[in-house]
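Novice: Shown below is the structure under consideration.
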Amino acid sequence: MPTVNVVRDRLFAALGRTYTQEEFEDLCFSFGIELDDVTTDEAISRKERHEEEKANENEEIIYKIEVPANRYDLLCLEGLAQALRIFNKQDKTPTYTVANISKESMHKMQVKPETSSIRPYIVCAVLRDITFDEASYNSFIDLQDKLHQNICRRRTLVAIGTHDLDTLQGPFTYEALPPQDINFIPLKQVKKYRADELMEFYREHDLKLKKFLHIIENSPVFPVLYDSNRTVLSLPPIINGAHSAITLKTKNVFIECTATDLTKAKIVLNTMVTTFSAYCKRKFEVEPVEVIYSDGKAYVYPDLSSYNMEVPLSYITGSIGVSFRAEEVTSLLNRMQLQAEQSVSDADQCNINVSIPPSRSDVLHPCDVMEDVAIAYGYNNIPKRKLPSLKPLALNQLEDLIRVEVAMNGFTEVLTWILCSYRENFSMLNKKDDGSTAVIVGNPRSSDFEAVRTSLMPGALKIVGHNKDHPKPIKIFEVGDVVHLDESKDVGAANRRLLAALYCGTNSGFELIHSLVDRVMEVMGTPFVPVGDNTGYYIQCSDAPEFLQGRQASIIYKGKRIGIFGIVHPEVLNNFDVPDPCSFLELDIESFL
Amino acid sequence: MAEEAILGYLENHEEISDSGEFAAERGIDHAEIVNVVKSLHGFRFVDTQDIKRETWVLTEEGKKYAAEGSPEVQLFLAVPAEGSISKDELQKKLDSGIFKIGCTQAGKNKWVEMGKHISRKVQHVEDKVKDLLLRIQDGKTIDKDDINSLKARKLIVLQTWKGYSVRKGPNYAPKRKKPATDLTRENLQRGDWKELEFKEYNFSAKGPPPECGHLHPLNKVKDRLKDIFRQLNFEEMPTNRYVESSFWNFDALFQPQQHPARDSHDTFFLQVPSTTRQLPEDYVEQVKEVHESGGYGSRGYGYEWKRDEANKNLLRTHTTAISSQMLYALAQHAKVHPFSPKRYFSIDRVFRNEAVDRTHLAEFHQIEGLVCDRGLTLSHLIGILEDFFSRLGMSKLRFKPAYNPYTEPSMEIFSYHEGFGKWVEIGNSGMFRPEMLRPMGFPEDVSVIAWGLSLERPTMILYGIDNIRDLFGHKVDLTLMKRNPLCLIGIR
């Protein structure tokens, strides 16, 4: 995206008010441009020289503003200010006119056939009775530069020449001659150069112009413009002649754009004249020039006619999703420099008749008009319409992630039953039932289904008991629900999702289970913290009957006890007919949500 | 050492004519030479020819006599030169084996007079047996008759000696490189990997078992099914609620209170917590009304609906207990906001108070899908079932009319199983009855299509498991659990 540097105070003067930086950023944001940087000329040059001097308080603030790549009309302060003033409803979109002068008094540009082999097109115009000040003069030069860099594709497609018309004598000719036959004093030089020598000179001495030489240097003929006195206006796309150079005092400006792409040449010419005709005595009026080709065809430039587009209101409202009335749309479009009115066509369909000024070459299709309506309305004022989507279940998703993580730690997943015998849930775990924890089945068909588990331990131990012949160590895990009595719930009970892991081997494997605890906490992004610190997790001795005394610990996460691990009590192992030592971890994963 | 000796010798000589002699000359154990020759032969370093030699060697008994003298001589010497000795006394002087054999042999040789008293018949004897045995022990030859007599007395046996004659083989080299089994860091650092000769791998054996973790096959299938549901835009229901009231599990589904499914031999009712304390009262009234006297065009069941029955807690018998609550919430939402269509699914545990056998457990996982929208038809239900099951690899479906208290029409879903060569029932489906939906508050034109199946059934078919207890619960074989492959349904 191109960036335009403008002097802040001049911009604010043009906008008729000052803004805080934040206000100005908001304005830019809603219009679709961006305040990229705030700097000063001095700061820029200090940066170029890699110096670190202190800024002077008197330095002029420069706003670097990023503009969309298709908005050539915004490439200078004048264009920007005008667009924003119209957007702010301070101005109306101007009507640009071509001066009504007779064919005879019109300046003529004769195009010689040889130009067709190198740079076949030219368009011209005159800005009559213009008044520059230093700032507008600089802006005029800068705009040419920006256009050259952007739409002109570094002068390959279009090259702009601006001249003090009063130093020249029409009619003009656009020719293509062998370089040896072209002799003139180029801009910023004092002596005459032959075109081929000039190319060599620039190759050696001019870093900026050097980059454009390739466009013509291999051609046997170079494009060149003359006035009737054989004064060279320019050697496009390289350099203008010194003779016709414009100055602050120039009153009448002759603009020529030579091109390999006629459409872009017209856009460039229109951008130049629409922007700077504001400084002419007859504001927004441009004097035409007739371009006559060798086959006799003649064209008058610039073409400042508006392009008309019929856009159905339904297309605009349907695309944006806001049911605007036609008057709203027209007034919104007026803020975007597009003259619009409700067209009085048939009764069924309401159309908006949009008149696109010559400065808005970016508008190609009704969708561009529709976009401008949306911008003027404000993207952030458009109501949100949601497409159908699925709500995820956080707990199940977390479970799936943790399951994979634990499996990656070398544990094998098991799925055990939720129902167990009363003894398995209590006495076999060395626990006493105080009646406050477990859901008890009233009509179990067998003792296997007497209680709803409150721990995943019985299931894990039963698996080990049934797999005595399995090679050691056994490393298993399960993520599953237990149910606790819960007075606050409608049914008086609630599920909790736990992670359990068990190690069984010739030794207890306590460290391995401990490292699994750390790993789970690590993947949950939880730091290991000192005891009492509630920002992470820590481990604290515990005293649960199903574990061996002094070989067990609670896991405290953000101040809350969320799990326990340790060496399973030998009596418990015996109860479940497990002959080998086991370590076991049980962790409430719902606590992580 | 043996290998160096053999290869070194062959470098300058045509042949090792006898491995036995070769070993003896160098003082190397012949067994070691044989091992090395076999190994060298295996790598074709040498060619060999077997040599077989038979020699007589002493038996244990023979060895004993060679050392101590033959029994007959021992007996002879025990008889006094003059006079006689009583048999009993003589027996005491010799050990019993020697005495017995000595008597026989000495008698046969006519050296002594046998009888109650034994006396010498000759005054001098030679121990020929001992001499012969010693000669054999020294590797000397004796004549054939002697051999036969010693053999008859089991004092010598014939022993076969095996050895080789050895020549250079096609791969002969004066020194054998030991084949490498692996490429090591040292090989790389020293650069000697270029000279390494690797021992051939044995690819007919599998590699060692990997040390890794494993996911449970039911969960693998569940993961794929969840993905398939999401592909079809179904949202997962929060089913982490095992304890349920009879109301949500049965009554809300227009399942009458006398329905056999509500019997205690099918459903786990709870002792603690025995009843539900909270139900949406307005809705309960609507449900009571529709059960008792109908409405919305229905005649109802015409019985006295009891709140106590509805309050009874149980372990949910199907995840539809959650669906009923989700649908109720959706209907309540639609009373205030525009109705928005929903697709829900769940895969979670359900409980049946049933006898456990090869195909039934008291717990299993139910897969459930439902669509709530306007204008749904039976045709939509068949279409979504086709879409769902074809992603599970079951594209040949047909539907059988069935009965289900809360759906009408109800369809059992059958799929043609190529492997079994028959149609198998894979699930149940239907459109929820208006008597279920209307009391919730849904507008008349909103309907719900739903289907359900167990997770265990397709998993068992997929993994070739025919006893559900081998898949789920604590009696599973962990080794089998570790071997199950990826679940590729919907992928392949």
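A short reminder: the numbers here are calculations on the coordinates, not readings from a lab. Nothing here was measured: the structure is a model prediction, and the numbers come from that model. Please note: Cβ atoms are built from the backbone with ideal geometry, for glycine as well, and neighbour counts cover all protein chains shown.
Novice: Report the relative contact order of chain A, percent, no decimals, based on alpha-carbon pairs under 8 angstrom and at least 6 residues apart.
Specialist: Relative contact order comes out at 11 percent.
Novice: A further question follows. Return the distance in nm (one decimal) between the two label points of a simple spin-label model at A:Glu22 and B:His360, each offset 7 Å from Cα along Cα→Cβ.
Specialist: Spacing of the two 7 Å Cα→Cβ label points: 7.2 nm.
Novice: Give me a single rounded figure for A:443-454: the average over its residues of other chain Cβ atoms within 10 Å of their Cβ.
Specialist: Taking all residues of A:443-454 together, the mean is 4.
Novice: Give a residue-ordered list of calculated ³J(HN,Hα) values for the range A:574-588 (Karplus: 6.51 cos²θ - 1.76 cosθ + 1.60, θ = phi - 60°; whole Hz; x for Gly, Pro).
Specialist: Going residue by residue, I get 4, 4, 9, 6, 9, x, 10, x, 9, 10, 9, 10, 9, 9, 7 Hz, with x marking Gly and Pro.
Novice: What's the average, rounded to a whole number, of partner chain beta-carbon atoms within 10 Å of each residue's beta-carbon in A:402-409?
Specialist: Mean number of neighbouring Cβ atoms from other chains: 3.
Novice: Moving to a separate point now. List the aspartates and glutamates whose alpha-carbon lies under 16 Å from that of B:Lys400, not counting same-chain residues fewer than 8 positions away?
Specialist: Within the straight-line limit of under 16 Å, B:Lys400 reaches these aspartates and glutamates: B:Glu386, B:Glu408, B:Glu412, B:Glu425.
Novice: Also: Give me the angle, in degrees from 0 to 90, between the Cα long axis of helix A:77-87 and the longest principal axis of the Cα atoms of chain A, rounded to the nearest 10.
Specialist: 60 degrees
Novice: Then there is this: Which whole-Hz couplings ³J(HN,Hα) result when phi for each residue of the range A:392-408 is put into the Karplus expression 6.51 cos²θ - 1.76 cosθ + 1.60, θ = phi - 60°, listed in order with x for Gly and Pro?
Specialist: Once θ is set to phi - 60°, the couplings for the range A:392-408 become x, 9, 4, 4, 5, 5, 4, 4, 4, 5, 5, 4, 5, 5, 5, 4, 5 Hz.
Novice: Here is a further query. Out of residues 5 or more away from B:Ser410 or on other chains, whose amide H comes under 5 Å of its own, with H placed 1.01 Å from N in the peptide plane?
Specialist: When sequence neighbours closer than 5 places are left aside, the close amide H contacts are B:Ala402.
Novice: What is the average number of partner chain Cβ atoms found within 10 Å of a Cβ in B:265-273?
Specialist: 6
Novice: Once the other residues with Cβ under 11 Å from the Cβ of A:Ala376 are scored (Lys, Arg +1; Asp, Glu -1), what is the net sum?
Specialist: Summing Lys/Arg as +1 and Asp/Glu as -1 gives -1.
Novice: Let me ask something else about it. Near the amide H of B:Val46, under 5 Å away, which other amide H atoms are found, from residues 5 or more places off or on another chain, if H is placed in the peptide plane?
Specialist: Sorted by chain and number, the residues that satisfy this are B:His41, B:Gly169.
Novice: Still on this structure: List the lysines whose alpha-carbon lies under 24 Å from that of B:Lys154, not counting same-chain residues fewer than 8 positions away?
Specialist: Within the straight-line limit of under 24 Å, B:Lys154 reaches these lysines: B:Lys52, B:Lys63, B:Lys64, B:Lys100, B:Lys108, B:Lys110, B:Lys128, B:Lys130, B:Lys140, B:Lys144, B:Lys162.
Novice: Quick check: residue separation of A:Asp145 and A:Asn229 times 0.36 nm, minus the Cα distance between them. What number comes out in nm?
Specialist: Difference between extended and current length: 27.4 nm.
Novice: Now for a different question. Order of A:208-218, A:422-432, B:79-89 by packing, highest average Cβ count within 10 Å first?
Specialist: My ranking of the peptides, most packed first, is A:422-432, A:208-218, B:79-89.
Novice: Sticking with this structure for a sec: When ranked by the protection proxy of mean other Cβ atoms within 10 Å per residue, highest first, what sequence do the peptides A:448-459, B:122-133, A:65-76 form?
Specialist: A:448-459, A:65-76, B:122-133
Novice: Which shape class applies to the range A:46-122: rounded if a/c is under 1.5, otherwise prolate when a/b exceeds b/c and oblate if not, where a ≥ b ≥ c are the square roots of the Cα gyration tensor eigenvalues?
Specialist: oblate
Novice: While we're looking at this one, here's another question. Assuming R0 = 35 Å, can you tell me the calculated FRET efficiency for the pair B:Glu11 and B:Ala31, based on Cβ-Cβ distance, to the nearest 0.05?
Specialist: Approximately 0.90, to the nearest 0.05.
Novice: Let me ask another. Would you kindly state how much longer the chain becomes between B:Lys110 and B:Arg492 on full extension, computed as 0.36 nm times their sequence separation minus their alpha carbon distance, in nm to one decimal?
Specialist: Gain in length upon complete extension: 127.6 nm.
Novice: Ignoring everything except DSSP H segments at least 4 long, calculate the 222 nm mean residue ellipticity for chain A; use -39,500 (n - 2.57) per segment, divide by total residues, nearest 500.
Specialist: Taking each H run of at least 4 residues, the total per residue is -8000 deg cm²/dmol.
Novice: Rounded to the nearest 0.05, what FRET efficiency do A:Thr526 and B:Arg483 give with R0 = 30 Å and r taken as the Cβ-Cβ distance? Could you check?
Specialist: 0.30
Novice: Quick check: residue separation of A:Glu34 and A:Leu207 times 0.36 nm, minus the Cα distance between them. What number comes out in nm?
Specialist: 59.2 nm
Novice: May I pose another question? Let's test the formula: R0 of 56 Å, r as the Cβ-Cβ distance of A:Arg85 and A:Asp181. What FRET efficiency results, to the nearest 0.05?
Specialist: 0.65
Novice: Residue by residue, what Karplus-based ³J(HN,Hα) values in Hz, rounded to whole numbers, does the range B:478-491 have, using 6.51, -1.76 and 1.60 with θ = phi - 60° and x for Gly and Pro?
Specialist: Listing the rounded values in order: 4, 4, 5, 4, 7, 9, 5, x, 4, 9, 10, 5, x, 10 Hz.
Novice: Taking amide H atoms as placed 1.01 Å from N in the peptide plane, list the residues 5 or more away in sequence, or in a different chain, whose amide H sits under 5 Å from that of A:Cys582.
Specialist: A:Val568
Novice: Using Cα positions and a limit of under 22 Å, work out the lysines in reach of A:Lys462, with same-chain residues fewer than 8 apart set aside.
Specialist: A:Lys431, A:Lys432, A:Lys472, A:Lys475, B:Lys475, B:Lys482
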